[in-house]
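Engineer: Can you keep this structure in mind? I'll have questions shortly.
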Amino acid sequence: LDETALAAESTPPVTIIAPAYNEEEDIFDSVRGYLQLEYPHLQVIVVNDDSSDDTLRLLEQRFSLQPMNVVVHERIKTRAIRGIYESRVDPRLIVVDKMRGGKADALNAGLNLCRTPLVCCVDSDSILERSGMLRLVEPIVHDDRNTIAVGGTIRLANGCTIDDGVVQSYGMPDNWLARFQAVEYLRAFLYGRMGLNRPGGNLIVSGAFGLFVREAIVEIGGYKRDTVGEDMELAVRLHADMRS
């Protein structure tokens, strides 16, 4: 980690966008983890995509949400937004409540509200290492003219001990099927995608943890809702747009 390049005065602001649908079991730990990241200029936008459980109520209670007046420039069309809230506990946290539109639509709603040059799209149950964002932004800091997206390594949380949004200890899952999945994640991220980097052929930035230049996504119309793998579909369109 290049501590000099990532000093507070030179680090670009980042907004984390976390779409949430029925995530009452994990949402508090995940959001607490995002807010504890070692990063100087950070905002978190949680987009509640019409959850039918207590996801929104839990966020209201734990983070003391209050309505906020903000103008949203809808550069990407999304389903209707019912309300936007800010936290009294930590002003860096904003929660959006909207009509059900799917993960891609929720990400687009967050992009419309986001005002930072870089955006980090995550799953609402992702737990990030404390220095993860600093490592993720480093390639853009060193080459912001040619780098528009950076992907992070994803591993299974099964077998790990997590407390207050921070991984305290690591371990293997008890279930054998989950163990095979852990090996597959190692193959995909540490071998497959690192290898594809060499010829510039990476065709996916995982939706669980990926950093983007916000304007690059907005210019191509954001995430598509009519696709199964919105993260891979976005990466392919970004390749095509940049090469043209």
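Engineer: When the distances between all Cα atoms of region 145-208 are binned every 5 Å from zero, what whole-number percent does each bin get?
Structural biologist: Result, from short to long distances: 4, 15, 21, 20, 17, 12, 8, 3, 0 percent.
Engineer: Mind listing the Cα extents of region 58-102 along all three principal axes, in Å, largest one first?
Structural biologist: 31, 20, 13
Engineer: Say we join alpha carbon atoms closer than 10 Å with springs in a Gaussian network model of the chain; which of Met232, Met133, Met194 then has the biggest fluctuation?
Structural biologist: Greatest mean-square fluctuation among the candidates belongs to Met194.
Engineer: Under a 1.4 Å probe, what is the accessible area of the chain per residue, stated in Å²?
Structural biologist: Working: 12580 Å² over 244 residues.
Ligands and nucleic acids excluded, the figure is 52 Å² per residue.
Engineer: Let me ask something else. Can you tell me the convex hull volume per residue for the chain, based on C-alpha atoms, in Å³ to the nearest whole number? Write down the numbers at each step before the final one.
Structural biologist: Working: hull volume 33.3 nm³, N = 244.
Per residue, the Cα convex hull of the chain comes to 136 Å³.
Engineer: Follow-up. Can you give the calculated 222 nm mean residue ellipticity of the chain, where each DSSP H run of n ≥ 4 adds -39,500 (n - 2.57) and the sum is split over every residue, rounded to the nearest 500 deg cm²/dmol? Don't skip to the end; give the middle numbers.
Structural biologist: On the way: 8 runs with 75 residues, N = 244.
Dividing the helical sum by the residues of the chain leaves -9000 deg cm²/dmol.
Engineer: From the P(r) of region 93-147, can you give the percent of Cα pairs sitting at distances over 17 Å? All intermediate terms of the calculation are to be shown ahead of the outcome.
Structural biologist: Working: 770 of 1485 pairs.
Here the tail beyond 17 Å accounts for 52 percent of pairs.
Engineer: Please report how far the C-alpha centroid of region 7-58 lies from that of region 90-134, rounded to the nearest whole angstrom.
Structural biologist: 6
Engineer: Compute a Gaussian network model of the chain, connecting alpha carbons closer than 10 Å, and tell me which residue from Tyr39, Tyr191, Tyr21 fluctuates the most.
Structural biologist: Evaluated over the chain, the most mobile residue of the options is Tyr191.
Engineer: Here's something else I'd like to know. For region 80-194, max minus min Cα coordinate along each principal axis, in Å, sorted largest first?
Structural biologist: 43, 36, 28
Engineer: Val70 to Asn175: FRET efficiency via 1/(1 + (r/R0)^6), r the Cβ-Cβ distance, R0 45 Å, to the nearest 0.05?
Structural biologist: Details: r = 44 Å, r/R0 = 0.98.
FRET efficiency, Val70 to Asn175: 0.55.
Engineer: Hey, another quick one. Long-range amide H contacts for Val47: which residues qualify at under 5 Å (H placed 1.01 Å from N, peptide plane, sequence gap of 5 or more or a different chain)?
Structural biologist: Those lying under 5 Å, H to H, from Val47 are Ala18, Ala20, Val96.
The values are calculated or read from the model by the stated rules, or taken from the named source; none is laboratory data. Computed from a predicted structure; not experimentally measured. Quick reminder, even Gly has a Cβ in these numbers, built from the backbone with ideal geometry, and neighbours come from all protein chains shown. SASA here: full protein model, heavy atoms, side chains in, ligands and nucleic acids out. Shrake-Rupley method; radii C 1.70, N 1.55, O 1.52, S 1.80 Å.
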